[in-house]
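The values are calculated or read from the model by the stated rules, or taken from the named source; none is laboratory data. Every value quoted in this text rests on a predicted model; they were computed, and no experiment measured them. Glycine also receives a Cβ, built like all others from the backbone with ideal geometry; neighbour counts cover every protein chain displayed. Surface areas here come from the heavy atoms of the whole protein model, side chains and all, with no ligands, DNA or RNA. Shrake-Rupley method; radii C 1.70, N 1.55, O 1.52, S 1.80 Å.
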Amino acid sequence: MPLWIVLVSAYLLGAIPTAYLVARGIAGVDIRRCGDGNVGTKNTLDTLGSPAAILVGVADIGKGVMALLVAR
């Protein structure tokens with residue numbers, strides 16, 4: 001697979017804001033305007049609790065795994 005496809009795919013996977021999508025989907029809130037304003041697992045945990053934070057963490061790990069699989 002050409003390097004540019006790997007790089008573009010990894011960039012696009014990393015650009016998906018999973019915490020934002022989970023917060024909008026579960027609670028209808030903009031996670032960027034809650035807590036510390038960071039779009040991450042820790043702010044999701046503080047704002048929405050463990051189930052949402054676990055979902056964000058698993059999704060973020062999955063994005064990393066998918067990027068590695070694309071690179072292979």
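Can you give the convex hull volume of the alpha carbon atoms of segment 19-60 per residue, in Å³?
On the way: hull volume 2.1 nm³, N = 42.
Per-residue hull volume (Cα only) is 50 Å³.
What helices in the chain pass both tests, a Cα length along the helix axis of 20 Å or more and a mean Kyte hydropathy of 1.6 or higher, using whole DSSP H runs? Please report the intermediate quantities before stating the final value.
On the way: long enough: 50-71 (31 Å, 1.69).
Answer set is 50-71.
Remark: spin-label model distance Leu7-Ala71 equals 1.4 nm, labels positioned 7 Å along the Cα→Cβ axis. Histogrammed with a bin width of 5 Å, the alpha carbon distances of the chain distribute as 3, 19, 26, 18, 13, 10, 7, 3, 0 percent, first bin at zero. Each Cα pair under 8 Å and six or more residues apart adds its sequence gap; the mean of these over the residue count of the chain is a relative contact order of 34 percent. When +1 charges are put on Lys and Arg Cβ atoms and -1 charges on Asp and Glu Cβ atoms, the dipole computed for segment 4-72 relative to its Cα centre reaches about 140 debye. Residues in segment 1-50 average 65 Å² of solvent-accessible surface per residue, probe 1.4 Å, ligands and nucleic acids excluded. The share of accessible area on the chain that comes from carbon and sulfur is 68 percent, using a 1.4 angstrom probe.
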